């Protein structure tokens, strides 16, 4: 049976980038609740690396490669605002549901404005 080449479109790469970046940051935060994963103790480096930190670093590294792909194939003035807005929105939701951070009317209004900006950017494309 012939194999089909893996083709990643910009839309798929954008979704993967947003998920990898957001989850990477959330995982790093989950893994660093006790402070930095690397500390200087008695003149020596002490590593406190756990599953969440490693997963976060791997996801964030993957997101960097996806980001390079995205900026090489799209207008910089389009891709940066769109990805930043989507990552910010997912991080906002994750911080509320996972870390129980506060949800204020001002933050919700800001997210609504950010999403309105993303919609306006997509109308021009």
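We did not get these values from a lab; they are worked out from the coordinates using the rules stated. Please read these numbers as outputs of a predicted model, since none were measured by experiment. No Cβ is skipped: glycine too gets one built from the backbone with ideal geometry, and neighbour counts run over all protein chains shown.
Some notes on this structure:
- Acute angle (nearest 10 degrees) that the helix 51-73 long axis makes with the longest principal axis of the chain, alpha-carbon atoms: 30 degrees
- Sorted by Cβ density within 10 Å, fewest first, the residues 44, 73: 44, 73
- Annotation for residue 41 and residue 99: the two label points, set 7 Å from Cα along the Cα-Cβ direction, are 2.4 nm apart.
- Hydrodynamic radius of the chain per Kirkwood, over alpha carbon pairs, in Å: 16.6 Å
- Structure remark: mean-square fluctuation, Gaussian network model of the chain, C-alpha springs under 10 Å; the largest value among 78, 88, 17 belongs to 78.
- For the stretch 71-125, the Cα gyration tensor yields ellipsoid semi-axes of 25, 13, 6 Å (square root of five times each eigenvalue, largest first, whole Å).
- Each of residue 15 and residue 60 was given a label point 7 Å from its Cα along the Cα-to-Cβ line. The distance between the two points is 2.6 nm.
- Fluctuation leader among 43, 94, 31 - the chain, Gaussian network, Cα springs under 10 angstrom: 43
- FRET efficiency, 1/(1 + (r/R0)^6) with R0 30 Å, evaluated for residue 49 and residue 111 via beta carbons: 0.35
- 222 nm mean residue ellipticity, helices alone, for the chain (DSSP H n ≥ 4; -39,500 (n - 2.57); rounded to 500): -24000 deg cm²/dmol
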